[in-house]
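S.K.: Here's a structure for you.
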Amino acid sequence: MEDTIIKTENIVFKKTELLTDNELSYCPGCGHGTAHRIIMEVIDEMGIQADTIGVAPVGCSVLAYDFMNIDMQQAAHGRAPAVATGIKRVLPEKFVFTYQGDGDLAAIGTAETIHVCNRGEHFTMIFINNGIYGMTGGQMAPTTLPGMKSSTSPYGRDVEMMGHPLKMTELIANLPGTCFVTRQAVHTPSAVRKAKKAVRKAFELQKEKKGISFVEIVSNCNSGWKMTPVQSNKWMEDNMFPYYPMGDIKLPE
Amino acid sequence: MSELRLMKGNEAIAEAAIRAGADAYFGYPITPQSEVLEYLMAEKPNERTGMVVLQAESEVAAINMIYGAAGCGKKVITSSSSPGISLMQEGISYIASSELPCVLVNVVRGGPGLGTIQPSQADYFQSTKGGGHGDYHLIVLAPNSVQEMSDFVKNAFDYAFKYRTPVMIQTDGAIGQMMEKVELFNQEKRSKEIPSWATVGKPKERERNIITSLDLQAEVMEKRNHKLQAKYKKIEENVTLFEEVACDDAEYLMVAYGTSSRICQKTIQLALKKGIKVGLLRPITLWPFPKKQIAKLAEQVKGILSVEMSTGQMIEDVKLAVEGKIKVEHFGRMGGMIPSPDEILTALENQIIGG
Ligand SMILES: Cc1ncc(C[n+]2csc(CCOP(=O)(O)OP(=O)(O)O)c2C)c(N)n1
Ligand code: SF4
Ligand SMILES: [Mg+2]
């Protein structure tokens with residue numbers, strides 16, 4: 001019986017080859033794991049494991065290298081774009097990507113982000129925007145929505161006092177060194193399919209050396225938002241998506 | 001076929017980096033060391049050897065570019081001056097913990113704060129006692145001539161790769177800016193060797209390489225610390241360098257490095273005319289510090305003057321070496337001032353001989 005079921009044409013899902021067997025350290029329901037999976041699937045499908053170097057940030061995904069079965073470096077908080085610059089400049093034929101949270105990429109690392117996008121470094125940036133500092137326990141991020149509660153904006157983000165949420169992706173799309181800028185999500189099967197296509201395109205573009213390819217993934221942080229995974233996905237659709245609209249912002253010429 | 005040239009210290013660093021076969025330089029302009037980046041850009045090292053040179057947006061970015069490229073097993077170097085080196089400290093700590101080889105040059109200027117662009121030696125504590133967070137050391141080389149600015153770049157790369165550790169060349173604005181004759185070493189080929197730990201893309205048959213300084217479990221992190229300390233012990237045993245001048249029959253001793261040591265050489269001659277026998281111990285490595293040699297000389301001389309363009313930082317290491325056996329005093333100028341040979345002699349007479 002079993003033999004007849006396990007036929008290649010019958011397989012609809014299998015463990016991603018390039019993810020390790022280590023247990024994910026993410027909270028159940030968190031988008032980080034899905035984002036990892038689609039990146040690893042793309043690397044696997046492109047057959048570029050031996051030619052790829054990833055850069056992990058400081059944030060919940062600091063241990064990305066425990067899960068992604070590729071050569072990786074762990075960068076200081078916010079400095080992944082500088083680290084990736086160092087790697088890509090000495091290994092220009094390799095595929096290089098950063099994987100960063102919103103605190104990492106859009107607060108402490110703002111200068112590095114803007115400058116790699118302006119210099120036109122030829123690597124891919126994956127930007128996980130969950131509107132909060134997940135790792136350190138749910139503090140306000142540069143991307144936290146107006147009125148949104150966090151441990152350092154316990155009465156909601158007061159934009160008069162705390163400033164406005166930063167749309168980093170729109171900002172860097174204006175810079176001449178970016179070639180592909182898009183905003184995606186990974187909370188539903190159809191969103192995952194679209195996001196994966198975007199990641200694939202971003203990696204493919206590295207071959208053309210046209211500058212930074214940038215994929216923002218608006219994601220949930222059910223723990224930091226103090227919601228169930230299902231609630232958090234609904235809240236994300238209702239509140240994050242209107243402020244951070246899905247879709248391509250800049251396409252290669 | 002070595003080549004003789006008249007060069008600034010900063011230019012010698014840059015030329016030596018190209019000749020040593022460096023793969024990349026990342027840096028940000030700051031006086032008094034901007035000539036390093038300027039010279040490199042003018043020389044088109046990409047055409048000469050294929051070396052990458054990039055002006056970063058900040059010293060913070062520069063040191064993290066160094067981390068990335070060093071993690072690929074490449075020979076990389078950066079340079080800056082005091083405030084810029086302060087900005088790099090988080091990155092330097094990561095590099096030391098991740099055991100990445102690289103060369104860092106600090107052309108020290110007067111501080112604290114924005115300070116002055118004049119030469120100083122007030123970054124001794126920062127270079128030798130950690131600088132960044134956590135338990136780590138840099139090998140610190142202190143050249144005192146333009147010749148050594150060139151030679152030490154090559155030595156620094158050798159130590160960096162032998163011990164997988166960041167090596168700092170601590171010099172100052174005087175040596176960086178002054179022109180002297182240099183015998184340049186011959187061009188070396190850039191290495192094609194890929195160290196086994198480098199992140200260059202994981203082939204199917206090997207485990208993935210990871211460059212990280214993170215160990216969430218304290219037990220594991222302590223092990224990493226033990227490993228680092230064992231390495232530092234080995235470095236102390238094998239890489240402690242110094243030079244002695246007129247020490248054989250010296251009754252008094254000066255300890256000085258870099259620019260101060262050059263001035264002290266003149267003080268030795270002035271003292272001799274007065275019948276004072278004073279020698280000079282010049283640490284060439286500031287870390288590891290030549291404490292054994294100083295302890296030995298403390299058995300011979302009556303007193304030691306530690307001469308440094310600072311408020312007295314190195315003197316702490318001299319005192320630790322001497323263990324209170326003889327008198328040790330500091331003399332120095334601060335904030336970019338350079339002491340004269342007579343000033344030092346007067347200090348020797350007042351603080352050590354007469355004191
Ligand atoms: C220099 C420095 N400052 C602060 C921290 C503390 N810290 C660690 S992760 C983090 C925020 C991460 O948030 P984000 O980038 O949004 O990632 P997430 O955890 O939400 O995925 C902070 C502030 C640090 N590790 N290093
Ligand atoms: S804290 Fe938030 S971002 Fe971090 S793993 Fe948990 S849900 Fe994900
Ligand atoms: Mg976040």
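S.K.: Which residue, of B:Tyr159, B:Tyr94, is touching a strand residue (DSSP E or B) at 6+ places or on another chain (Cβ under 6 Å), open to solvent by 10 Å² or more (accessible area, probe 1.4 Å) and modelled with pLDDT of 95 or more?
M.R.: Values: B:Tyr94 fails: touching a strand residue (DSSP E or B) at 6+ places or on another chain (Cβ under 6 Å).
After ruling out the rest, the residue left standing is B:Tyr159.
S.K.: Does A:Gly134 qualify as being within 13 Å of ligand 3 (Cβ to nearest atom), at pLDDT 95 or above and open to solvent by less than 10 Å² (accessible area, probe 1.4 Å)? Show your work before the answer.
M.R.: On the way: within 13 Å of ligand 3 (Cβ to nearest atom): yes; at pLDDT 95 or above: yes; open to solvent by less than 10 Å² (accessible area, probe 1.4 Å): no.
Taking the combined requirement at face value, the residue does not satisfy it.
S.K.: Only one of A:Leu175, A:Leu171 is away from ligand 2 (no atom under 16 Å from the Cβ) and within 14 Å of chain B (Cβ to nearest Cβ). Can you tell me which?
M.R.: A:Leu175
S.K.: Looking at (1) under 16 Å from B:Ser79 (Cα atoms); (2) open to solvent by less than 10 Å² (accessible area, probe 1.4 Å), which is the only condition B:Phe152 fails?
M.R.: Evaluating B:Phe152 over (1) under 16 Å from B:Ser79 (Cα atoms); (2) open to solvent by less than 10 Å² (accessible area, probe 1.4 Å) leaves (2) as the failure.
S.K.: Any residue at all in segment B:180-193 that's in contact with a strand residue (DSSP E or B) (Cβ under 7 Å, 6 or more places away or on another chain), buried (at least 20 other Cβ atoms within 10 Å of the Cβ), more than 14 Å from every other protein chain (Cβ to nearest Cβ) and part of a helix (DSSP H, G or I)?
M.R.: no
S.K.: For residues that are polar (S, T, N, Q) and in contact with a helix residue (DSSP H, G or I) (Cβ under 7 Å, 6 or more places away or on another chain), scanning just segment B:73-85, find the one that is nearest to ligand 2 (Cβ to nearest atom).
M.R.: Step one: list which residues in segment B:73-85 are polar (S, T, N, Q), which gives B:78-82.
Of the ones still in play, those that are also in contact with a helix residue (DSSP H, G or I) (Cβ under 7 Å, 6 or more places away or on another chain) are B:78-80.
Details: B:Thr78: 34, B:Ser79: 39, B:Ser80: 36 Å.
Out of the qualifying residues, it is B:Thr78.
S.K.: If a residue must be surrounded by fewer than 23 Cβ atoms within 10 Å (Cβ to Cβ) and either out of contact with any Phe, Trp or Tyr (no Cβ under 9 Å at 6 or more places or on another chain) or within 10 Å of chain B (Cβ to nearest Cβ) (or both), how many such residues does segment A:90-120 contain? Quick ask: steps written out before the conclusion?
M.R.: Residues of segment A:90-120 that are surrounded by fewer than 23 Cβ atoms within 10 Å (Cβ to Cβ), as a first pass: A:91-94, A:107-108, A:110-111, A:114-115, A:118-120.
Narrowing the set further to residues that are either out of contact with any Phe, Trp or Tyr (no Cβ under 9 Å at 6 or more places or on another chain) or within 10 Å of chain B (Cβ to nearest Cβ) (or both) leaves A:91-94, A:108, A:110-111, A:114-115, A:118-120.
Residues in segment A:90-120 being surrounded by fewer than 23 Cβ atoms within 10 Å (Cβ to Cβ) and either out of contact with any Phe, Trp or Tyr (no Cβ under 9 Å at 6 or more places or on another chain) or within 10 Å of chain B (Cβ to nearest Cβ) (or both): 12 in total.
S.K.: Determine which single condition A:Lys167 fails, assuming it passes every other condition in (1) surrounded by 24 or more Cβ atoms within 10 Å (Cβ to Cβ); (2) within 15 Å of the chain's Cα centre (by Cα).
M.R.: (1)
S.K.: Quick one: in segment B:199-222, which of the residues that are over 15 Å from A:Val96 (Cβ atoms) and in contact (Cβ under 8 Å) with a residue 12 or more places away in the chain is farthest from the other protein chains (Cβ to nearest Cβ)?
M.R.: Per the stated criteria, the residue is B:Ser213.
S.K.: Hey, could you check segment A:211-233 for residues that are more than 13 Å from ligand 2 (Cβ to nearest atom) and of a type in the set (Gly, Ala, Ser) and say which is farthest from A:Met168 (Cα to Cα)?
M.R.: Top of the filtered list is A:Gly211.
S.K.: I want to confirm something. Restricting to segment A:116-142 and keeping residues that are in contact with a Gly (Cβ under 6 Å, 6 or more places away or on another chain) and touching a residue at least 60 places away in the same chain (Cβ under 8 Å), which single residue is nearest to ligand 2 (Cβ to nearest atom)?
M.R.: A:Gly134
S.K.: Pull up segment A:36-78, narrow it to residues that are more than 10 Å from every other protein chain (Cβ to nearest Cβ) and in a loop (DSSP other than H, G, I, E, B), then point me to the one that is most open to solvent (accessible area, probe 1.4 Å).
M.R.: Only one residue tops the list, namely A:Gly47.
S.K.: If you go through segment A:79-91 one residue at a time, do you hit one that is within 16 Å of ligand 3 (Cβ to nearest atom) and either in contact with a Gly (Cβ under 9 Å, 6 or more places away or on another chain) or part of a helix (DSSP H, G or I) (or both)? It would help to see each step written out before you state the result.
M.R.: Start the filter on segment A:79-91 by keeping residues that are within 16 Å of ligand 3 (Cβ to nearest atom), which leaves A:80.
Among the residues that remain, those that are also either in contact with a Gly (Cβ under 9 Å, 6 or more places away or on another chain) or part of a helix (DSSP H, G or I) (or both) are: A:80.
Within segment A:79-91, one or more residues are within 16 Å of ligand 3 (Cβ to nearest atom) and either in contact with a Gly (Cβ under 9 Å, 6 or more places away or on another chain) or part of a helix (DSSP H, G or I) (or both).
S.K.: So is B:Tyr124 open to solvent by 10 Å² or more (accessible area, probe 1.4 Å) and of a type in the set (Phe, Trp, Tyr) or not? Outline the logic, then answer.
M.R.: Numbers: open to solvent by 10 Å² or more (accessible area, probe 1.4 Å): no; of a type in the set (Phe, Trp, Tyr): yes.
Spelling it out, it is not the case that B:Tyr124 is open to solvent by 10 Å² or more (accessible area, probe 1.4 Å) and of a type in the set (Phe, Trp, Tyr).
S.K.: OK, next. Which number in (1) surrounded by fewer than 23 Cβ atoms within 10 Å (Cβ to Cβ); (2) more than 10 Å from every other protein chain (Cβ to nearest Cβ) marks the one condition that B:Met88 misses?
M.R.: In the conditions (1) surrounded by fewer than 23 Cβ atoms within 10 Å (Cβ to Cβ); (2) more than 10 Å from every other protein chain (Cβ to nearest Cβ), B:Met88 misses (1) alone.
S.K.: Right, next: Between B:Val103, B:Val108, B:Val167, which is within 20 Å of A:Gln73 (Cα to Cα), among the aliphatic types (A, V, I, L, M), modelled with pLDDT of 95 or more and part of a strand (DSSP E or B)?
M.R.: Numbers: B:Val108 fails: within 20 Å of A:Gln73 (Cα to Cα); B:Val167 fails: within 20 Å of A:Gln73 (Cα to Cα).
After applying the criteria, what remains is B:Val103.
S.K.: Out of all the residues in segment A:116-165, which are part of a loop (DSSP other than H, G, I, E, B) and hydroxyl-bearing (Ser, Thr, Tyr)?
M.R.: Here is the first cut: in segment A:116-165, the ones part of a loop (DSSP other than H, G, I, E, B) are A:120-123, A:130-131, A:134-138, A:141-149, A:151-152, A:154-158, A:163-165.
The answer is A:Thr136, A:Thr143, A:Thr144, A:Ser151, A:Thr152, A:Tyr155.
S.K.: Okay, next question. Do you know which of the residues in segment A:100-115 that are within 15 Å of ligand 2 (Cβ to nearest atom) and outside any helix (DSSP H, G or I) is farthest from B:Ile63 (Cα to Cα)?
M.R.: A:Gly101
S.K.: What's the total number of residues in segment A:143-164 that are within 16 Å of ligand 2 (Cβ to nearest atom) and either open to solvent by less than 20 Å² (accessible area, probe 1.4 Å) or within 14 Å of chain B (Cβ to nearest Cβ) (or both)?
M.R.: Here the count works out to 5.
S.K.: Among the strands (runs of 3 or more DSSP E) contained in segment B:7-83, which hold 2 or more residues that are open to solvent by less than 10 Å² (accessible area, probe 1.4 Å) and at negative phi?
M.R.: On the way: elements: B:24-27, B:52-55, B:76-80.
Those strands (runs of 3 or more DSSP E) span B:24-27, B:76-80.
S.K.: What number goes with the only condition from (1) touching a helix residue (DSSP H, G or I) at 6+ places or on another chain (Cβ under 9 Å); (2) away from ligand 3 (no atom under 16 Å from the Cβ); (3) away from chain B (no Cβ under 11 Å); (4) among the polar types (S, T, N, Q) that A:Thr8 does not pass?
M.R.: Failed condition: (1).
S.K.: Also, quick follow-up: I'd like to verify a number: residues in segment B:201-249 that are open to solvent by less than 50 Å² (accessible area, probe 1.4 Å) and closer than 30 Å to A:Met72 by Cα, how many?
M.R.: Going through segment B:201-249 one residue at a time, the tally reaches 16.
The values are calculated or read from the model by the stated rules, or taken from the named source; none is laboratory data. As the structure is a prediction and not an experimental result, all values here were calculated from the model. Cβ: placed from backbone, ideal geometry, glycine included. Neighbour counts: every protein chain shown. For accessibility, only protein heavy atoms count, side chains too; no ligands or nucleic acids. Shrake-Rupley method; radii C 1.70, N 1.55, O 1.52, S 1.80 Å.
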